[in-house]
């Protein structure tokens, strides 16, 4: 007992001394720390698993896949499509690839006669940027159906992915679209950072949805009710955009449809990471177009989150102050891990803690940076 209480007593004494030396900053720091712990507890409470009903699924379900120079990840995606618990009709939008992608697609379609490759006319890119041009080409090939899906060529989908998203979409007639969560696969520290960074964003999305706010959408794991898609006129009716998933979400909401994220292990997928810092940077520059209209509360939360570790460091806070901060960062991640029944999130928590020290400056730069970026080997201003 003495060996346990002695270090604790020393830490408590250190905390009291710190408060005495930094009376006002120390009190303010403890207040901020306590408030942050309560906020993170609240976020963790809001992260909940979706209830998926059992529905008979009419098959085959069309699934749209935009493809450009995806020879490396494509075979794994094809395997996961073949293993789905319901039949799929894969429609690949081949966007002028220069690698072996067309050869792989031809072989897949020979094996599955219902699958097809839709060439993307180059002139579509003069009207629509990036993936939107591919989806405009693909939507013209969607056969009559009640529901169809969309994913990306670098996804690794669980066998229940199509069935789960379809079941979530049919929970209520007012739901026009749903999307599923995904995380990058991690084998290195750089990939691990991207995994925990995405996980940090996912629990914020889940918490906002529980409060009735859908802040964004993701197009690599998507299911749409056809009548809702037709109501908004499809992707061709959206303004030219590099974040067509976000634009689709807002168009559905303006048309009176609901949209939901499906936080459930049955639809949780994995994707590849950006291999270089430059690729990661350009990906974030594109994504920031879907984060221009976030509520003030989100900006205040991120400011709070970014300043707290610096305030503890600047005032020389003792260990007893750092432990609640670390626990507060871990709790929503742990809750997300339980919700999705996934692994390899908490092991990368130290990388997220280090990221918090640069997060504020990074987000400010990202918000105001005006520079071109490369996506799918094309340059955009």
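Each value in this text was obtained by applying a stated rule to the coordinates, not by laboratory testing. In this text, all values refer to a predicted model and were calculated from it rather than measured experimentally. Heads up, the Cβs are rebuilt from the backbone with ideal geometry, glycines too, and the neighbour counts pull from every protein chain shown.
Some notes on this structure:
- In nm, spacing of pseudo-spin labels at residue 230 and residue 286 (7 Å Cα→C-beta vector): 3.1 nm
- With respect to the chain, whose longest principal axis is taken over its alpha-carbon atoms, helix 277-287 is tilted by about 70°.
- Cα gyration tensor shape of the chain, rounded if a/c is under 1.5, else prolate or oblate by comparing a/b with b/c: prolate
- Note on residue 334/residue 362: beta-carbon distance plugged into 1/(1 + (r/R0)^6) with R0 of 25 Å gives a FRET efficiency of 0.55.
- Packing, taken as the mean count of other beta carbons within 10 Å per residue, orders the peptides 126-134, 308-316 from highest to lowest as 126-134, 308-316.
- Scaled against the 2.2 N^0.38 Å expected of a compact globular protein of N residues, the Cα radius of gyration of the range 261-362 reads 1.25.
- With contacts taken as Cα pairs under 8 Å and at least 6 residues apart, the range 120-271 reaches a relative contact order of 40 percent.
- For the range 31-73, the residues whose amide N sits under 18 Å from a probe point set 7 Å from the Cα of residue 311 along the beta carbon direction are 31-42.
- C-alpha long axis of helix 2-21 to longest principal axis of the chain, angle in °: 90 degrees
- Helix 244-254 vs. the chain, principal-axis angle (Cα, 0 to 90°, nearest 10): 90 degrees
- Computed over the Cα atoms of the range 18-151, pair by distinct pair, the Kirkwood hydrodynamic radius stands at 18.7 angstrom.
- Normalised size of the range 81-131, defined as Cα radius of gyration per 2.2 N^0.38 Å with N residues, equals 1.32.
- Note on the range 61-290: antiparallel DSSP beta bridges, both residues inside, total approximately 30 percent of the bridges counted.
- Two-site label geometry, residue 55 and residue 237: point separation in nm, points 7 Å out along Cα→Cβ: 2.1 nm
- The distance from the alpha carbon centre of the range 70-149 to that of the range 307-370 is 38 Å, rounded to a whole number.
- The chain - percent relative contact order, Cα under 8 Å, separation 6 or more: 23 percent
- Between residue 35 and residue 174, full extension at 0.36 nm per residue minus the direct alpha carbon distance yields a gain of 46.3 nm.
- Full-stretch length increase - residue 72, residue 354 - with 0.36 nm per residue and alpha-carbon distance subtracted: 98.3 nm
- Given R0 = 51 Å, the distance between the Cβ atoms of residue 326 and residue 116 translates into a calculated FRET efficiency of 0.50.
- Residue-averaged 222 nm ellipticity for the chain, from DSSP H runs of 4+ at -39500 (n - 2.57), nearest 500: -16500 deg cm²/dmol
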